[in-house]
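Visitor: Sharing a structure below in structure tokens format, with a few things to ask.
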Amino acid sequence: MKNKKQQFPLWVKAVIIISSLPIALLPIIIDWCSGVAIEGIKIFLVIYPFYVVASANMAWMSYRSRPEITAILIVLMVLTHIAMWVLPEVY
């Protein structure tokens, strides 16, 4: 019988992967922001993919010891995706 800490549910893997998928639409967001003259927005767009990869990796690694941290990281990742989609409309 496996130890409870060694089990990694399939649904957690799926949630982490699905919450990371919107990063594939980064070229569309960059195209929307191409006419924006504010350099801060371009810096956010450069940092955005690294944040998503790091956050997904940390959520994956932290599930076994602290599942609540995984949930927090996933929620923050989803909120970041929403913020990046709203960013071009605001500026």
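Visitor: Based on what the data block shows, is I69 hydrophobic (A, V, I, L, M, F, W, C) and over 16 Å from the mean Cα position of the chain (by Cα)? Walk me through it before giving the result.
Guide: Values: hydrophobic (A, V, I, L, M, F, W, C): yes; over 16 Å from the mean Cα position of the chain (by Cα): no.
In short, no.
Visitor: Would you confirm whether or not the stretch 25-37 contains a residue that is surrounded by 14 or more Cβ atoms within 10 Å (Cβ to Cβ) and in contact with a Cys (Cβ under 7 Å, 6 or more places away or on another chain)?
Guide: Within the stretch 25-37, not a single residue is surrounded by 14 or more Cβ atoms within 10 Å (Cβ to Cβ) and in contact with a Cys (Cβ under 7 Å, 6 or more places away or on another chain).
Visitor: Another one. Checking the structure you have, find out if any residue of the stretch 35-58 is outside any helix (DSSP H, G or I) and touching a Ser or Thr at 6+ places or on another chain (Cβ under 7 Å). Show your work before the answer.
Guide: Keep residues of the stretch 35-58 that are outside any helix (DSSP H, G or I), which gives 35-38.
With the extra rule that they be touching a Ser or Thr at 6+ places or on another chain (Cβ under 7 Å), the set shrinks to none.
No; the residues of the stretch 35-58 include none that is outside any helix (DSSP H, G or I) and touching a Ser or Thr at 6+ places or on another chain (Cβ under 7 Å).
Visitor: From the residues in the stretch 45-59 that are open to solvent by less than 90 Å² (accessible area, probe 1.4 Å) and aromatic (F, W, Y), which one is farthest from S34 (Cα to Cα)?
Guide: Among those that are open to solvent by less than 90 Å² (accessible area, probe 1.4 Å) and aromatic (F, W, Y), it is Y51.
Visitor: Looking only at the stretch 63-77, count how many residues are surrounded by fewer than 13 Cβ atoms within 10 Å (Cβ to Cβ) and either in contact with a Pro (Cβ under 9 Å, 6 or more places away or on another chain) or touching a residue at least 60 places away in the same chain (Cβ under 8 Å) (or both).
Guide: 1
Visitor: Next up: Only one of these is of a type outside the set (D, E, K, R) and modelled with pLDDT under 90: I17, I47, I23, I30. Name it. Before you say what the answer is, go through the steps one by one.
Guide: Working: I17 fails: modelled with pLDDT under 90; I47 fails: modelled with pLDDT under 90; I23 fails: modelled with pLDDT under 90.
Testing whether each residue is of a type outside the set (D, E, K, R) and modelled with pLDDT under 90 leaves just I30.
Visitor: Related question: What pairs come out if I take residues in the stretch 40-62 that are free of Cβ contacts under 8 Å to residues at least 12 places away in the same chain and farther than 20 Å from A24 by Cβ and pair them with residues that are open to solvent by less than 20 Å² (accessible area, probe 1.4 Å) and in a helix (DSSP H, G or I) whose C-beta lies under 6 Å away, six or more apart or interchain?
Guide: Listed pairs, sorted by first residue: S62/T70.
The values are calculated or read from the model by the stated rules, or taken from the named source; none is laboratory data. None of the values given here were measured: they were computed from a predicted structure. Note that we place each Cβ from the backbone using ideal geometry, even for glycine, and neighbour counts take in every protein chain shown. SASA here: full protein model, heavy atoms, side chains in, ligands and nucleic acids out. Shrake-Rupley method; radii C 1.70, N 1.55, O 1.52, S 1.80 Å.
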